[in-house]
Each structure stands twice: as structure tokens, then as C-alpha cells.
Amino acid sequence: MTVLLTGADGYLGWPTALRLSDRLEERIVCVDNFARREWVAESGSVSATPIDDPEARFADVENLSLIEGDLADRDFVLQLLDTYEPDTVLHAAAQPSAPYSQINGERALYTQQNNVSMSVNLLYGLHECGLSDTHFIETTTTGVYGAPHFPIPEGGLEVERQGGTDEVPFPAMGGSWYHQTKSFDAANMRLAESQFDFPMSEVRTAIVYGTETPETEAHESPTRFDFDYYFGTVVNRFCAQAVAGYPITVYGKGEQRKPMVSLEDTVESLVRLVEEGHSGDDGIDIYNQVTRPVAIVELAETIAEVGDEFDLDAEVKHYENPRNEDEEHKMEMENDRFLELVGGQRQELEAGIRDVLGTLVEEQERIAAHEDRFLPGVLTDE
């Protein structure tokens, strides 16, 4: 068995690569073009956790093979698939930032061309290389759902109209040029499944929190942790504010809920999906990779409370909301299939935040030196 892991140098990719290498005896072929490092540097920021250069990072792990290449290059993808003939493709590579895709038209176009081209090249490449039994897994995002006012299904949407019923794909309701790329990928996976008939799974990943897994600790090789406006999540930026000695900024009531999942739960579910394979049911297996929705104010208060353990005097402050959003939106999202896959939630929010703050307090100077990259305007204007 050979596993092809794309985006292996990324936040999710690196700990997933390490766990795959520990759990499988087979070769793990890791592919990345290391663009994430360039994008973050371009934004004027760094990873809060210092990370080794790629060659040193991957050389220390026995059954990981590293290949540098651009998956948007069709010829490269065909050569890659023809050479290694993977039994599983775990596609985690992407330009993953919604704010980055919103900077201007150039970056919006790049995000769409890059992300969609990679997926199409892999899907069609598997077909053209005759790899009809290869399990194709792609990590997309729960952001494709938008913020509907009804429970979000884990799969298709049951629709009843004028006496007829059917299950249809969930409407694409993403709020950024990045999120739309993942809606396109989901649509292209459905098309490929109908035409090529090979096993596929789509993992719709929520906001991930965490800095370490047992494998990154054992290898003394942390995954990256971005905290800037473009590539840091709300969890990362709130934690950076607390560590740097600033208030945690909540816009409006902050009662709107966002889907979240720990790094540990994310990595374990992906590895299990590689191990267990496709369900064998008709169509694409869809997983809502979320443990529960968390209110923004709950997140901020949790960080402040856990921060006390690290002598961080973190205060939660509410500011007028500059965004046009429902501050009381109670997101509901079905996740039974995901929880069954991962075997139940492995890390609660409080424990995950404790891990994050424990890592970041060791890098306070590094974070403080880049505070202009993550502080919101309401703080810099004070």
C-alpha cells in the first residue's frame, strides 16, 4: 500500500504525515510546493512555532518520502500518479485562507485557479492512469455551508417540492473566494464519481485548534502555527492577543457559534479514514469534521480562564461589530458519521486551548515582534 499525502508541510499535513508513518508500514509519499511558507512571509509574519526547513524535517522520518512539486501542473501530477500508483490519495493541499483570497482580484484568481486545478488534475489523473480502485480523500471546509438557520446535514440535503422529494447537494453558500473553491471541488468530485466510479470521501473540516500531537512531540518537530490576520484562525489570533498581553476582542455579543475541532481529532480521523477506506456505499462519503459549534464569546472566555494558569492577565472586551453578521446565530451541524469514524471526541476545547497557550508562552517574544500582523484595528487605534 502506498499513500500519497498532499500538503504534507502544512498545519494539518505535517502531524498527519507523522501519524501515518507511525501507524502504517507502507510508504507515505509526501508532496508539497512549500507555498504556505512564502504566503505567510509575504504577509510579514512567521509561524509562532519555529519549524525546520523541509529537507531536514522529512529526512528524520524513516518511511516518509518528500517530493517538491506543483499539483496545479498537470504533467507533474500524471508523472507522480504513474510512478507511485497510490492506493490512497489524501489531498490536503490548498491555498486555505479566506482573508488572503479576499485581498484583491489577483489573489482571488490565484486561489481559485490553484485550488481547483489541483483537485481536477488529481481526479482526472487517477482516471487516466487507470487507478480506478484508489481511494481519493479531500479535506474541504465547513465554510461551504455558510450560516443557514437550520441544522446542516452530514451529506446531501433532503428537498421536498410540489409533492416530490429528492436528496440534492447542499447549496454552495461560502462567503469568500477561497470557500467557493471548495464548493467547486465538491461539485467536481461528484462529477468525477459519476463518470469514473472510484471511491471518494470528502472531509469538511471546521476551525481547528491545537499545536501539538503525540507524534510532533516525540519527533520534537512541531507543526506550524500561524497567528496573522490572513492565515491565523480566530482561535490562533485570540490566543496570540492573550500571550502578547492584549485584551481578547469580541465584536458585538459574540454569541454566534462557529464549528470547531481539535488538531488531535482532525489528525486521528484522517488517519483512520486512510486505514479503513471508503464505506462501500454508493456515492461520496461526506464527513462533517467538527466536534461541536462554539460561541465566539465562549472561546474568548475559555482562553482567558485557561490563561490564568500561565499567569496571563487576559481580559475579554466587547467592541461594536464592524461586520454585517448575526451575532446570535446558533449553528447546528450533524456529525454522527465523523464521531463514529474518530471514536468520539478525543480532546475538549479547554484542553486544546491549554496546549496552545502552553506552546505560545514559550514564544512570547516571537509573537510580540509581529503584533502588527494580528492585532485588530480596535486595539491599534486605542
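The values are calculated or read from the model by the stated rules, or taken from the named source; none is laboratory data. Just so it is clear, the structure is predicted and the values come from calculations on it, not from any experiment. Quick reminder, even Gly has a Cβ in these numbers, built from the backbone with ideal geometry, and neighbours come from all protein chains shown.
Out of GLY252, GLY232, I need the residue that is at pLDDT 95 or above and in contact with a Phe, Trp or Tyr (Cβ under 9 Å, 6 or more places away or on another chain). Which one?
Numbers: GLY252 fails: at pLDDT 95 or above.
Answer to the check: GLY232.
Take the conditions under 26 Å from LEU122 (Cα atoms), in contact (Cβ under 8 Å) with a residue 24 or more places away in the chain and assigned to a strand (DSSP E or B) and apply them to VAL29. Does it pass? Can you show your working first?
On the way: under 26 Å from LEU122 (Cα atoms): yes; in contact (Cβ under 8 Å) with a residue 24 or more places away in the chain: yes; assigned to a strand (DSSP E or B): yes.
Answer is yes for this residue.
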Count - residues of the range 252-266 that are over 22 Å from the mean Cα position of the chain (by Cα) and surrounded by 20 or more Cβ atoms within 10 Å (Cβ to Cβ): 1
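What number of residues within the range 293-314 satisfy the criterion of being more than 16 Å from LYS258 (Cβ to Cβ), surrounded by 13 or more Cβ atoms within 10 Å (Cβ to Cβ) and among the acidic types (Asp, Glu)? Steps first, answer last, please.
Of the residues in the range 293-314, the ones more than 16 Å from LYS258 (Cβ to Cβ) are 304-314.
Within this subset, residues satisfying the condition of being surrounded by 13 or more Cβ atoms within 10 Å (Cβ to Cβ) are 304-307, 310, 312, 314.
Pick out the ones that are also among the acidic types (Asp, Glu) and you get 305.
Of the residues in that region, 1 qualify.
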Sole exception among (1) outside any helix (DSSP H, G or I); (2) free of Cβ contacts under 8 Å to residues at least 60 places away in the same chain; (3) touching a Lys or Arg at 6+ places or on another chain (Cβ under 6 Å); (4) of a type outside the set (Lys, Arg) for ALA172, by number: (3)
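Can you tell me which residue among THR249, THR233 is among the polar types (S, T, N, Q), under 26 Å from THR111 (Cα atoms) and surrounded by 17 or more Cβ atoms within 10 Å (Cβ to Cβ)?
Values: THR249 fails: under 26 Å from THR111 (Cα atoms).
Matching residue, one of THR249, THR233: THR233.
For the range 175-196, which residues satisfy the criterion of being of a type in the set (S, T, N, Q) and either in a helix (DSSP H, G or I) or more than 17 Å from ARG107 (Cα to Cα) (or both)? Reasoning before the result, please.
Step one: list which residues in the range 175-196 are of a type in the set (S, T, N, Q), which gives 176, 180-181, 183, 188, 194-195.
Hits for the range 175-196 are GLN180, THR181, SER183, ASN188, SER194, GLN195.
Among the strands (runs of 3 or more DSSP E) lying completely within the range 273-374, list those that include at least 3 residues that are touching a strand residue (DSSP E or B) at 6+ places or on another chain (Cβ under 6 Å) and closer than 15 Å to TYR209 by Cα. Walk me through it before giving the result.
Numbers: elements: 285-289, 292-295, 316-319.
Once the strands (runs of 3 or more DSSP E) in the range 273-374 are filtered for at least 3 residues that are touching a strand residue (DSSP E or B) at 6+ places or on another chain (Cβ under 6 Å) and closer than 15 Å to TYR209 by Cα, what remains is 292-295.
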Hits in the range 75-130 (condition: part of a helix (DSSP H, G or I), within 20 Å of the chain's Cα centre (by Cα), within 17 Å of CYS30 (Cα to Cα) and hydroxyl-bearing (Ser, Thr, Tyr)): SER119
